[in-house]
Each structure stands twice: as structure tokens, then as C-alpha cells.
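Below is one structure; the comments refer to it alone.
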Number of protein chains: 2
Amino acid sequence: MGEQKIVRREDGAGGKYMGDFLRKLIIPRFDSSAGEIRLSDMDDSSDFGDYAFTTDTYVVTPPIFPGGSIGKLAICGTANDLAVIGAEPKIMSMSLLIQEGFQLETLERILDDMEQWVKELGVAVITGDTKVVEADIGVAINTSGIGIRNRHLERNIEVVRDYRDYPWRWVRDCGAGEGEAVIVSGRIAEHGVAVLNAREGIDFDMNVESDAFPVWLFLKNALDAGGITAMKDATRGGIANALNEIAEKSRVGMIIDEERIPISGEIQGFCGALGLDPLSIANEGKVVMTVVSDLAEETLKALRKAGQKDAEIIGYTTSEFSEVVIETSIGTRKVLPPPVADPVPRVC
Amino acid sequence: MGEQKIVRREDGAGGKYMGDFLRKLIIPRFDSSAGEIRLSDMDDSSDFGDYAFTTDTYVVTPPIFPGGSIGKLAICGTANDLAVIGAEPKIMSMSLLIQEGFQLETLERILDDMEQWVKELGVAVITGDTKVVEADIGVAINTSGIGIRNRHLERNIEVVRDYRDYPWRWVRDCGAGEGEAVIVSGRIAEHGVAVLNAREGIDFDMNVESDAFPVWLFLKNALDAGGITAMKDATRGGIANALNEIAEKSRVGMIIDEERIPISGEIQGFCGALGLDPLSIANEGKVVMTVVSDLAEETLKALRKAGQKDAEIIGYTTSEFSEVVIETSIGTRKVLPPPVADPVPRVC
């Protein structure tokens with residue numbers, strides 16, 4: 001293998017290779033902060049004062065799929081990056097990159113979706129940009145979002161500090177401690193599978209819809225229950241990536257009970273048939289979190305009460321080892337490695 | 001002509017058609033504000049509290065050109081949108097959309113440029129995103145920026161209020177009053193011409209470089225001189241677009257002395273040969289502003305002292321008519337219409 005001379009697909013695919021790419025090209029040039037969270041922390045959002053700030057460009061093929069569209073994703077995805085550090089999404093920018101000749105009707109459906117979810121969340125889109133290009137991009141949408149600290153976050157952090165040292169003002173992905181519960185907020189892999197199944201040439205007979213959803217709408221209840229020490233939304237690279245990032249950044253290991261991971265039979269069948277690992281497939285409305293163990297049941301109850309009826313405690317953090325370990329139904333253990341790249345491209 | 005069914009190039013080309021497109025598709029769905037400036041105001045930035053917020057996605061062919069690159073543009077252009085409402089650029093996000101197979105060396109040159117101008121401006125890049133796509137996009141870069149109110153802006157607005165009613169907290173593009181001076185900060189059309197001349201098939205023998213530059217570095221001095229009532233950076237659609245937008249939004253007319261518009265002989269020759277109107281060609285480091293007439297000379301002096309030696313008073317606002325009128329050297333007058341679209345695509 002010679003020196004890398006071109007940009008590869010996996011350099012932007014949300015796994016280990018992308019991390020390497022960013023650490024080589026971006027971090028050395030731009031690392032900085034305006035508050036507590038540095039660019040090099042590669043958390044889901046950064047912060048300044050009492051505000052959180054994040055950005056994401058969405059590229060999805062096809063742009064409309066069962067359960068949503070690139071428009072719904074552009075609102076929910078950016079709002080979710082704010083929500084998982086505990087910030088309430090409040091303000092967004094919207095930048096459209098549209099291929100010349102793109103069907104107006106499709107664009108209008110995408111914009112309708114954006115409008116709907118902007119309203120559900122109560123965010124204000126206050127600035128934007130539109131460019132039309134010849135490149136065969138279809139439509140790509142950047143949304144940058146600003147969120148605020150509020151009483152839900154304040155309360156959660158106060159409660160965590162009753163239990164242990166927690167030096168941060170936001171819920172950080174490096175914040176997990178040992179002996180804490182690992183919770184996933186619902187059934188996994190539905191976004192990636194729904195998008196993949198909507199592509200030409202693949203058409204399994206099933207009713208799977210994308211799980212795209214603004215997680216703030218239920219996370220505020222979970223924050224009220226208190227005790228959340230780390231969160232990530234499990235997008236590119238799936239829960240395998242989210243769990244590994246929390247474990248690595250927090251310097252804890254995890255033991256995950258495979259049987260407790262919520263997943264539908266249809267998704268399992270689809271993944272089995274295509275040789276895909278559902279743990280590394282993207283979600284767009286699922287959060288992985290660690291919670292002070294005394295409060296795990298209360299948090300789970302709050303999530304379920306807020307509509308996340310499939311939320312589960314799937315395991316615990318440990319200081320005995322530093323990997324994410326999966327325990328299977330027959331009692332064997334295997335390490336769950338961080339995905340090198342998302343197995344399904346262009347899903348977010 | 002039937003009903004429009006597809007997205008056309010001119011729908012994203014910065015002129016009248018784009019305005020119509022936004023008023024039809026975007027504004028009815030998303031119009032909102034978090035402060036003084038509404039999305040429907042289509043000003044260069046919006047605001048929340050003491051912060052300004054803006055977004056722009058850059059698509060430039062070729063990505064590296066005389067005087068700069070898409071990287072320099074992505075930093076300067078977004079900083080400039082903040083600066084022209086009087087905000088000091090402070091924080092940015094950076095979202096890269098890269099074509100699979102893109103040359104790493106070119107990407108590194110682009111990133112080097114971004115790094116240089118991030119440092120010149122003293123902004124902090126605190127959050128980002130990277131996606132790799134198959135589409136033939138080369139590299140597209142979204143930067144969203146956050147700026148702050150500071151003493152330069154405060155002083156300027158205080159001074160303006162000594163002269164007349166000025167109901168805003170920011171320098172608004174609807175803020176021009178009658179009988180004010182119109183200033184352009186330097187020689188026009190250099191960005192669009194430099195990028196166009198760098199394209200395959202066009203190669204005039206000339207030394208024109210893009211004027212891409214972070215205008216905050218000289219606008220802070222102009223704000224200190226006081227008296228600025230409206231500003232726009234003259235990007236897509238050139239000064240023809242910027243002047244018309246200020247005039248229309250402020251409900252004033254303008255009389256512009258053609259001979260006083262700063263332009264190099266080379267640019268005039270290039271535009272003449274290609275049948276292009278330099279007034280509607282993009283700039284990336286030039287500001288058009290209106291200034292209380294008593295303070296016009298002082299503002300001009302401040303601009304020149306801050307390095308903008310070609311800055312000129314090019315005309316005056318009037319309440320006698322509502323158009324932008326150009327007076328030629330032989331004394332004839334003609335209306336300068338708002339461009340329907342930028343004559344040179346993919347320059348910003």
C-alpha cells in the first residue's frame with residue numbers, strides 16, 4: 001500500500017477511517033473551541049456561552065424513502081446532534097445545493113417535510129442559502145443548528161453530581177463512568193435498512209420505515225429523570241459506533257447483553273439475508289446513553305412514558321476492560337469493534 | 001411558457017429569479033426570526049440576542065484560482081455576510097462534501113487556505129462534518145458563521161442616530177435614507193473574472209486575481225468613522241445586485257456616477273471582449289454601503305487608511321425616483337436593472 005493520494009469513500013463514512021482522516025487533515029489545522037467542547041473532541045455539538053452549535057450536510061439516495069425524506073433528516077439529524085449534549089434545538093440555518101433539472105415536485109415534498117419537523121420542534125429557520133449546480137448531486141442539504149442550555153439539562157447535571165464528579169456543563173460523550181447502565185432508546189437499524197430497501201434493485205417485501213425523529217422530544221423527559229452521563233445519537237456506524245465512541249472517550253469498557261438489544265424480526269431477516277450487521281447500521285432517531293445505575297430504571301420509565309416503548313437497558317459499563325463486549329444468548333463473549341465505515345453509504 | 005416543473009440554473013444564481021424562487025418555495029414555509037432580522041428579509045445574516053448567524057455553501061469551478069480557492073472563499077464569504085450587518089465574525093462550522101477520488105493534494109491546499117484565513121480573522125472553527133459522495137461535485141464547502149455585536153457597531157449606530165431615525169440594532173440592507181452617499185470599497189468584478197479566466201477554454205493573458213478578502217478587517221475602521229446606514233457585500237450579481245437590493249429594500253433611488261466606479265482597465269477589456277457587464281459580476285471582498293453624507297469623506301478616509309485605497313464615493317441616494325440610475329461620462333442617464341441571475345455560474 002502506497003501513500004493515500006485521493007479521498008476514499010470510507011474517509012467520510014462515519015467510522016474509524018473517517019476519524020483518522022479528520023485527525024490527519026482537519027484537527028491539526030482548525031482545532032479550537034469557544035467554550036467547553038473542542039473541535040478535536042469530535043462530540044456531536046460544540047458550545048459557546050449557553051448555546052450549543054452543530055452542522056451537518058445530508059446526502060441521501062433516494063431523497064424520499066419510507067418514513068421520511070432528506071428534508072425530515074436535515075431537520076431531525078441536526079436537532080439530534082444538539083439534543084444529545086443536552087441542548088434544546090432552537091435556531092437553524094438551511095443551505096440547499098440542488099442539481100439543475102431536479103423535479104420541483106420532489107423538492108416541494110422535501111421542503112414540506114422540513115416545514116413539518118421545524119414546526120414539531122419549534123425551531124426557527126432564520127438564515128439560508130440556495131445554489132443550483134450541474135453536478136449529479138440530486139439535492140444536498142446543510143443545516144446548522146443552535147441550541148440552548150435549559151432546566152432539563154441543568155437538573156440532569158445536578159443529579160449526576162450528587163453521585164459522582166462530573167466536570168462538564170453539557171452531557172458529553174466522554175462522560176460515562178464505571179458501573180453505569182447503558183440504555184438504547186428504541187429498536188435499531190431501521191433508518192439504514194429503510195433507505196437501502198428503497199434503492200433500485202433491492203426491494204424486500206417488508207414494512208420497515210426510517211426511524212427519523214427529533215429525539216429532543218423524548219430526551220427532555222429522560223433528562224428530567226436525571227442521571228444521564230453520556231449520550232450519542234447512533235447515526236453513521238450505528239450503535240456499534242456510538243457505544244465504542246462513548247467507551248473509548250470515557251475510558252470505560254462495556255458489557256452488552258445481545259438479547260436485550262431491541263430489534264425487529266424483519267430487520268434481523270433483512271440484515272441476515274444481505275450479510276449486514278444491524279449494530280453498525282444507521283439510525284436517525286435513536287440515542288445510546290449511559291446512566292447512573294441507581295437511576296437507570298427511572299430513566300427507562302421516562303423514555304417509555306415519552307413514547308419510546310422499546311427503550312431497553314442493554315448493558316453496563318465496567319473498568320475491568322476497555323472494549324465493548326457483547327454477551328450472546330448462549331453466554332459467549334465477543335468484542336464489538338468500532339465499524340471502519342458505515343456499511344450502507346449515502347443514508348444521512 | 002408552461003408551469004415551472006424543474007429547478008433551473010437561475011433559481012440559484014443570486015438575482016431576481018432566485019428571489020422569486022425563494023419567495024415561492026422557502027419563505028412561505030419557513031419565515032421566522034429569533035431577533036430583529038427575519039428570514040424573509042433576506043439580509044446577509046440574521047440575528048439572535050447579541051449574535052449574528054449566517055450560512056453559505058460554496059461551489060466553485062475550478063476550486064483553486066488566481067488569488068484564492070474555494071477554501072479562502074468559504075471562510076471569507078461567510079465572515080463577510082456577518083461583517084456587513086456590522087457583526088464581528090467569531091465562530092464557524094465547516095461541512096465538507098467531497099467527491100470520491102478527489103485529489104488529496106488539492107484538498108490539502110484548500111484546507112491550508114481555510115486555515116490561513118481562519119487565523120487572519122481570529123475565528124474559531126468549533127464543529128464540522130465530512131461526507132464523501134460519488135456525484136461529480138469536486139468539493140463543496142458549507143460554512144455557517146456566528147458573529148457578535150461589539151463597540152464598532154454600537155458606535156456606528158449611535159452616530160447614525162444623531163442624524164436620523166434608525167430603528168435597528170444592526171446595519172441593515174434596508175437602512176439607507178435619502179441624500180446619503182453611496183460608497184464602494186474598491187475595484188469591482190475581480191473575483192468573477194479571475195475564476196472565469198481560470199476555466200478551461202478561456203485564458204486571457206492578464207494578471208487579474210480574485211479579490212476574496214475578509215471585509216471585517218477594514219469595515220471595523222469604517223464603522224468607527226460612523227454613519228454607515230446600509231451595507232452589502234457585492235457577491236452574486238455584483239454591485240448591480242447589491243445597489244438594487246439596498247435601493248429596493250430601503251425605498252430610495254440612487255444616482256451613480258459611472259466614471260467613479262473603480263475598475264481596472266484589464267477587467268474592462270475582458271468584460272468588453274466577452275460581452276459581460278462588470279457591474280453584475282461577483283466580488284468577494286467588496287462592500288457597497290450608504291453613509292450619512294456629512295460623514296462620507298471620513299468613512300472614505302477610514303477605508304483607504306485600512307488598505308482599501310480604491311474605495312470611492314460613487315453616488316447618492318435620492319427620493320426623486322426609486323431606481324438605481326447610472327449617469328455616464330457624457331451625461332446620459334440609464335436605469336441599472338437588478339440582474340436576473342449571475343452571468344458567471346459557480347463562482348461562489
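The values are calculated or read from the model by the stated rules, or taken from the named source; none is laboratory data. Remember, predicted model here, so these are calculated numbers, not experimental data. Neighbour counts run over all protein chains shown; Cβ positions are idealised from the backbone, glycine included. Only protein heavy atoms, including side chains, enter the accessible area calculation; ligands, DNA and RNA are left aside. Shrake-Rupley method; radii C 1.70, N 1.55, O 1.52, S 1.80 Å.
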Failed item in (1) within 9 Å of another protein chain (Cβ to nearest Cβ); (2) of a type outside the set (A, V, I, L, M, F, W, C); (3) in a loop (DSSP other than H, G, I, E, B), with A:Lys90 passing the rest | (3)
Lone unmet requirement of (1) at pLDDT 95 or above; (2) open to solvent by less than 10 Å² (accessible area, probe 1.4 Å) for B:Val195 | (1)
Looking at (1) in a helix (DSSP H, G or I); (2) open to solvent by 40 Å² or more (accessible area, probe 1.4 Å); (3) of a type outside the set (A, V, I, L, M, F, W, C), which is the one condition that is false for A:Glu36?
-> (1)
Pairing a residue in segment A:159-172 that is at pLDDT 95 or above with any residue that is hydrophobic (A, V, I, L, M, F, W, C), where Cβ atoms lie under 6 Å and the two sit 6 or more apart in sequence or on different chains, gives A:Tyr163/A:Val292; A:Tyr166/A:Val160; A:Trp170/A:Ile85; A:Val171/A:Ile85; A:Val171/A:Ile228; A:Val171/A:Met231
Count, please, the residues in segment A:42-61 that happen to be at pLDDT 95 or above, over 16 Å from the mean Cα position of the chain (by Cα) and open to solvent by 10 Å² or more (accessible area, probe 1.4 Å).
-> 3
If you take the residues of segment B:322-336 that are touching a residue at least 24 places away in the same chain (Cβ under 8 Å) and part of a loop (DSSP other than H, G, I, E, B), which of them is surrounded by the fewest Cβ atoms within 10 Å (Cβ to Cβ)?
-> B:Ser329
Select, from B:Ala240, B:Ala230, B:Ala247, B:Ala222, the only residue that is in a helix (DSSP H, G or I), under 13 Å from the mean Cα position of the chain (by Cα) and surrounded by 16 or more Cβ atoms within 10 Å (Cβ to Cβ).
-> B:Ala240
Is one or more of the residues making up segment B:271-291 touching an Asp or Glu at 6+ places or on another chain (Cβ under 9 Å), open to solvent by 10 Å² or more (accessible area, probe 1.4 Å) and closer than 17 Å to B:Met231 by Cβ?
-> yes
Restricting the search to segment B:137-151, which residues are within 10 Å of another protein chain (Cβ to nearest Cβ) and open to solvent by 20 Å² or more (accessible area, probe 1.4 Å)?
-> B:Ile148
Condition check for B:Lys220: within 14 Å of chain A (Cβ to nearest Cβ) and touching a residue at least 12 places away in the same chain (Cβ under 8 Å) = no
If you go through segment A:295-321, how many residues are more than 22 Å from the chain's Cα centre (by Cα) and either open to solvent by 50 Å² or more (accessible area, probe 1.4 Å) or under 28 Å from B:Asp129 (Cβ atoms) (or both)?
-> 5
Just a yes or no: is a residue in segment A:97-108 among the small types (Gly, Ala, Ser) and either free of Cβ contacts under 8 Å to residues at least 60 places away in the same chain or under 25 Å from B:Cys348 (Cα atoms) (or both)?
-> yes
If you check B:Glu108, B:Glu134, B:Glu120, B:Glu154, which single one turns out to be facing chain A (nearest Cβ under 9 Å), open to solvent by 10 Å² or more (accessible area, probe 1.4 Å) and over 27 Å from A:Pro62 (Cβ atoms)?
-> B:Glu108
Restricting attention to segment A:292-308, does a residue exist that is outside the structural domain of A:Ala74 (by TED's automatic domain parsing), in contact with a Cys (Cβ under 9 Å, 6 or more places away or on another chain) and modelled with pLDDT of 95 or more?
-> no
When every residue in segment B:1-33 that is aliphatic (A, V, I, L, M) and assigned to a loop (DSSP other than H, G, I, E, B) is compared, the one farthest from the other protein chains (Cβ to nearest Cβ) is B:Met1
